[in-house]
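**Student:** This structure is in C-alpha cells; I'll ask about it shortly.
The values are calculated or read from the model by the stated rules, or taken from the named source; none is laboratory data. Everything numeric in this text was worked out from a predicted model, so none of it was measured. All Cβ positions, glycine included, derive from the backbone under ideal geometry; neighbour counts span all protein chains shown.
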Amino acid sequence: MTGLGATMVRAGRRLLSSLPALFGVLVFTFLLMRVLPGDPAVFFASGPNAGKEEIEQIRKQMGLDKSVPEQLVFYLSDIGHGNLGRSMMTGQPVLKDLRERLPASLELTFTALLIALIAAVPLGVVAALKPGSPVDHGVRLFCALGVCVPTFVSGLLLIYAFYYLLGLAPDPTGRIDVFTSLPPQRTGFLSVDFLLAGDVEGWWAACKQLILPAVSMALFVIAPLARITRASMLVSLGSDFVRTARSVGLSWRKVVITYALRNAILPVITIAGIVFSTMLGANVLVEKVFSWPGVASYALDALLSSDYAPVQGFVLLMASLFVLVNLVVDICYGIADPRVSIG
Amino acid sequence: MRLVSFRPAACLAATAALLLVANAPAQAQTRAETLRYVTGASVNTLDPNIPGSTRESFALSMSTYDRLVAFGRKELNGKWVFDLDKITGELAESYDVSPDGLKLTFRLRKDAKFQDGSPVTADDVKWSLDRCVTAPILGKAQLLTGSLTSADQFKVIDPLTIEVTLPKPDKLALPNLATVYPMIINSKLAKEHATADDPWATAWLKEHTAGSGAYVIETFKPGEQVIVKRNEDWNRGSPGKPAFFKRVIIQSVPEPATRANLVERGDADLVVDLQASDVQSLEAKGKLKVISTPQYNSITFVSMNNQMPPFDNVNVRRAIAFALPYDDMFKAALFGRGAPLFGASWPDGKPANGIYPFQAPLKTDLDKAREYLKAAGLPEGFSTTFSFNVGQASTAEPMASLVKESLAKIGIKVDIQKLPDAQMSTQINEKKLPFFTEGIVAWLPSTDYFYRNFYTGNQRWNYSSINNPELAAIAQEARFEPDKAKYEEDGRKLNAIHFSEMPQIPLWQPNQDAVMASSIEGYTYEFHRQVDYRDVGRK
C-alpha cells in the first residue's frame, strides 16, 4: 500500500508543479484574444439600427471599456472565484456552457479512442508478426487511407452511406434523437445515464447516435496507433527475452501477448495520451458535421465572433485536461511496467 | 433467495414493456403534430431585445410573445409575403389613427390572457412600450425610426385602451409596433424579477418568457435546441383556433449538407438556410416543396469607400460599376436564385420608379469602364483590396474571384481579403475598407428609410460613407411626406442621385429558399427573414 500512497503523493506534487504553466496559459490566452483584430462589441451590436450607443453598451457589459491591465486583474479575480465570465453568443455563463458540453465531447472522444485502440492494436500486432507480408501492406494501406481522408469528409461519407442511402443510422443531429426524453443527469455521459436510469431503449438510441461520429474520428487516429504498435512490437519480438521464451517452448499466445505485447505497450500508451488530447480539441469538424454539442465547436464559434470569455475558458479547460491526461498516462506506465515510477 | 434475485429483472422487463406501450402510440401521433425546423444558427436569448440576439431569437419571440399589431400577408408572384401596408390587430382588437395622424388609439382584446392566466391590460402594454424606449435594449433604436422615443407618449386611458401620441405624423410609427422588439410583457410577473440595477428585468427575461404568445417554452438549450408547446388559449391567428402545430422543435444543425439530408429524408419538416446548390438539386428531385421568395426588403451590394482615394472619384466608381461581370457573378454566387438589380433599361435615362432597392441600368461594358478610368486620370488602373466575411464565403468567394478577374482586364489589380465576421464589422465600423461586399436588410422597407439609414451620416450603416447633402435633405423630407405622388417623386430623385453618384453598386436580392416537406402549407416570407411558426400547418 505504501507504493500506492507514494504514487498519490507524487501525482499531487506533479499537479502542483503544473500550476505555473496553467497560469501562463491563462494570461497568454487573455492577451492573445485582445491582440487579435476584431471588436466583439461591434460584432454583437449587429442588429438593425444598432449604433454607437449599443456598441458602447455591449463594451461596458463585457468590461471592455477598461484598460487591459485592469481587465486582466478583474479576470484573474473572477477565475479565483470560479467565474469564467459570460458568453455573448449563447447568453449563458461560460462555466455552465462548458459543464454541459464537456461530457458530450468526452463521451465522443473516449468512444472514438476505444474504437481506435480496439482496431489499431490487433492491426499493429498482426502487421508486426509478418512484416513485409501482404497483411502488413494491407494494414499500411488502411492506415494511410484513414489519415489522408479528413474527418469531416469521412463523416459526411458515413452520413451519406448509413443515414441517407441505407437509412440504418439515426439522423446525425446531436447526442440523442429529439423525440427521446432524456434520463436524469448524473454523469453527463448519456450512455451511462441511460443505463443508470435503467432505460435500455434510450441507451441504445444514444449509442446509435454515437457510432458514426466516433467511427469517423477513430478512422483518423488508427494510423498513428497501429504504426507505433507495429514498430514497438517488432523491437520486442526481436529481443532476447522473446527468443528465450520461444526456445523454452512457451505457447504462441503466451509469447506474443504476455511477453512481447506487454513490453511493447508503453509507447502505445504515450501516443494514446497525446492522441486523446489532440482529439478533444481537434474534433471540431466532426462536432460540426454531426451537430454534436461539444466544447470544440463551441470554442470555434466563439473565436469567429471574437467572444472572449468562452475562448479563454476553453483554452484553460484544455490545458487542465492536458495536465490530467499526462498524469493518467504516467500512472498507466507504472501499471504496465513496474520499473517506471513517476517523478 | 430465488425470489430476491428474480425481482430486479422482472421490474426491468415490466418497466421496459410499460415504456414501449406508453411511448409508441404517443410518439407516432405527435410526429404529425410536431414541426421540426432545423437551422444553421441558434437561439441565444428569449428576449430579442438583448444586444447580440440572433435572428432565430427574433423568430422565436414572434411565437412566444404578442404585439399590439401584426403585419398582414399578401400574394406576390404566387408566394405569400408579409404586407407592410396591411396592419391588423394582434393584442389590439381594433385601432384608430386620428385624422392629423398624431394619435393612435388601441383597444385591447377582452379575452387575451398571458400564459400564466392573468389578463392582458393596458398597464402591461404601457410598461412594455416604456421598457422598449427607456431600457438600454435594442428596441430603443428601432422605435426611434417611428418617432417613438419617450415613455410620455404612451398613455393608459382605461384598462383596455391605450393611446400613443406622436410629435409628427410618422408613417412608420404603426408598422414599428408590429416589429420584433415592442412585444407585450406580463408586467406584474416581470416586475417581480426586476432589481434596483435592472428595473426592466432584462436579465430575467433573457432566460424566461412572460408573454401571451402562441407557444410556451418547454426546453431552451442555447446553441442546441428550443422546444415549444402550443398555448391552447391563443386565438390571435384565426378566430377561436390556436396555432396548428402542438409542438415545434427548433434545432441547430450547423452543417448545411446535413440539413439538406434531414429535410430530404423527411426527418426535418422545414429549413430556410440551405446552400443554393443543395436547393437546386432538391428542387430538381421534386419530392419536396421549395418556396423561393426574393428577399425584397434586402439587398446585396458591392460598396466602395467614397471618402478614400481612388474611390472618392466618381468616375472610378462608375468604371467599377461597368466592369463587374454581373451575369457570371449572379450564376456563380447564387445559381441565379434571386432577383437581379442590374440589367434594367431606363429608356429616358431616368429611374423607372421611386422604389428602393431599384434595378439599375448596369451591364458589363469594359470599353465604357476604360473610358471612365481615363476620365478619372487613372488609365493604367490601380491596386486595391476586395473584402468579404467568412460567414458569407459560400456566395462571396466565387463572386470575389470573378471581380478580380474582370477588373484585371481594365488594369485594376485586386487582392481578395477574407475576414472573420467580427473583424469585418469592426473594419466597416471604422471605415477602413476601400472595396467590399455586404448585404443589408430593412424590416420596414420604405425608400426614405433605406436612404436615411444606409446613405447618410458618419455612422456604421453608411457603408459607402457617402456624404451628399442633397440626398440627405430629400430623404429627410420624404420621411414625413403625406402625399403619395410627391413621395414617389422624392424616391425617383433619390434613385437618380444614387445612380449618378454610384456610391455602391447594387447586385441582387437573394432568394429566401424555404424547403419543406410537401405536407407543410402556409409558409410566408416574413420581415425578419425567418419562419413564423404560427403561419405554418400540415395538410
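**Student:** B:Asp483 is checked against (1) surrounded by 19 or more Cβ atoms within 10 Å (Cβ to Cβ); (2) more than 14 Å from chain A (Cβ to nearest Cβ) and fails just one. What number does that condition carry?
**Tutor:** (1)
**Student:** I've got another one for you. How about region A:131-181: which of its residues are away from chain B (no Cβ under 11 Å) and not hydrophobic (A, V, I, L, M, F, W, C)?
**Tutor:** A:Pro131, A:Gly132, A:Ser133, A:Pro134, A:Asp136, A:His137, A:Gly138, A:Arg140, A:Gly146, A:Pro150, A:Thr151, A:Ser154
**Student:** Looking at region A:120-130, can you tell me whether even one residue there is part of a helix (DSSP H, G or I) and without any contact (Cβ under 8 Å) to a residue 12 or more places away in the chain?
**Tutor:** Yes.
**Student:** Among the residues of region B:410-453, which ones are β-branched (Val, Ile, Thr), farther than 30 Å from B:Tyr525 by Cα and more than 12 Å from chain A (Cβ to nearest Cβ)?
**Tutor:** Within region B:410-453, B:Ile410, B:Ile412, B:Val414, B:Ile416 meet the criteria.
**Student:** What pairs come out if I take residues in region B:216-228 that are within 11 Å of chain A (Cβ to nearest Cβ) and within 19 Å of A:Arg86 (Cβ to Cβ) and pair them with residues that are among the basic types (Lys, Arg) and surrounded by fewer than 22 Cβ atoms within 10 Å (Cβ to Cβ) whose C-beta lies under 6 Å away, six or more apart or interchain?
**Tutor:** none
**Student:** Confirm whether A:Ser191 is of a type in the set (S, T, N, Q) and within 14 Å of chain B (Cβ to nearest Cβ).
**Tutor:** No, not satisfied.
**Student:** Quick one: in region B:454-469, which of the residues that are under 22 Å from B:Asn297 (Cβ atoms) and more than 9 Å from chain A (Cβ to nearest Cβ) is surrounded by the most Cβ atoms within 10 Å (Cβ to Cβ)?
**Tutor:** B:Tyr455
**Student:** So, one more: Looking at A:Ser77, A:Ser105, which one is more than 12 Å from every other protein chain (Cβ to nearest Cβ), of a type outside the set (A, V, I, L, M), crowded, with 24+ Cβ neighbours inside 10 Å and not in a loop (DSSP other than H, G, I, E, B)?
**Tutor:** Going through A:Ser77, A:Ser105 in turn, just one is more than 12 Å from every other protein chain (Cβ to nearest Cβ), of a type outside the set (A, V, I, L, M), crowded, with 24+ Cβ neighbours inside 10 Å and not in a loop (DSSP other than H, G, I, E, B): A:Ser105.
**Student:** Another question, then. Being on the phi > 0 side of the Ramachandran plot and in contact with a helix residue (DSSP H, G or I) (Cβ under 8 Å, 6 or more places away or on another chain) narrows it down to one of B:Ser147, B:Ser118, B:Ser128, so name that one.
**Tutor:** B:Ser147
**Student:** Tell me which residues, restricted to region A:50-74, are of a type in the set (Val, Ile, Thr), farther than 24 Å from A:Leu19 by Cβ and more than 12 Å from every other protein chain (Cβ to nearest Cβ).
**Tutor:** The answer is none; no residue qualifies.
**Student:** Identify, from the list A:Asp193, A:Asp199, the residue that is free of Cβ contacts under 8 Å to residues at least 40 places away in the same chain, more than 16 Å from A:Ala104 (Cβ to Cβ) and in contact with a helix residue (DSSP H, G or I) (Cβ under 9 Å, 6 or more places away or on another chain).
**Tutor:** When all the criteria are applied, what remains is A:Asp199.
**Student:** Does any residue of region B:190-207 turn out to be over 26 Å from the mean Cα position of the chain (by Cα) and surrounded by 20 or more Cβ atoms within 10 Å (Cβ to Cβ)?
**Tutor:** Looking through region B:190-207, at least one residue is over 26 Å from the mean Cα position of the chain (by Cα) and surrounded by 20 or more Cβ atoms within 10 Å (Cβ to Cβ).
**Student:** Let me ask another. Mind listing whichever residues of region A:263-283 are modelled with pLDDT of 85 or more and within 14 Å of chain B (Cβ to nearest Cβ)?
**Tutor:** Those that are modelled with pLDDT of 85 or more and within 14 Å of chain B (Cβ to nearest Cβ): none in region A:263-283.
**Student:** Additional query: Looking at (1) buried (at least 18 other Cβ atoms within 10 Å of the Cβ); (2) at pLDDT 80 or above; (3) of a type outside the set (Asp, Glu), which is the one condition that is false for A:Ser305?
**Tutor:** (2)
**Student:** In the set B:Thr384, B:Thr426, which member is in contact with an Asp or Glu (Cβ under 7 Å, 6 or more places away or on another chain) and among the polar types (S, T, N, Q)?
**Tutor:** Result: B:Thr426 is the single residue among B:Thr384, B:Thr426 that is in contact with an Asp or Glu (Cβ under 7 Å, 6 or more places away or on another chain) and among the polar types (S, T, N, Q).
**Student:** I'm trying to understand the selection: among the residues of region B:396-426, which are modelled with pLDDT of 90 or more, part of a helix (DSSP H, G or I) and within 24 Å of B:Asn511 (Cα to Cα)?
**Tutor:** B:Ala396, B:Glu397, B:Pro398, B:Met399, B:Ala400, B:Ser401, B:Leu402, B:Val403
**Student:** Continuing with this model, one more query. In this structure, is A:Ala41 at pLDDT below 80 and either in a helix (DSSP H, G or I) or away from chain B (no Cβ under 14 Å) (or both)?
**Tutor:** Yes, satisfied.
**Student:** List every residue pair whose Cβ atoms sit under 8 Å apart, with the two residues 6 or more apart in sequence or on different chains, where the first one lies in region B:49-61 and is at positive phi and the second, anywhere, is aromatic (Phe, Trp, Tyr) and modelled with pLDDT under 95.
**Tutor:** Qualifying pairs under 8 Å: B:Gly52/A:Phe44.
**Student:** Another question, then. For region A:307-323, state whether one or more residues are part of a helix (DSSP H, G or I), aliphatic (A, V, I, L, M), within 14 Å of another protein chain (Cβ to nearest Cβ) and under 30 Å from A:Ile79 (Cβ atoms).
**Tutor:** yes
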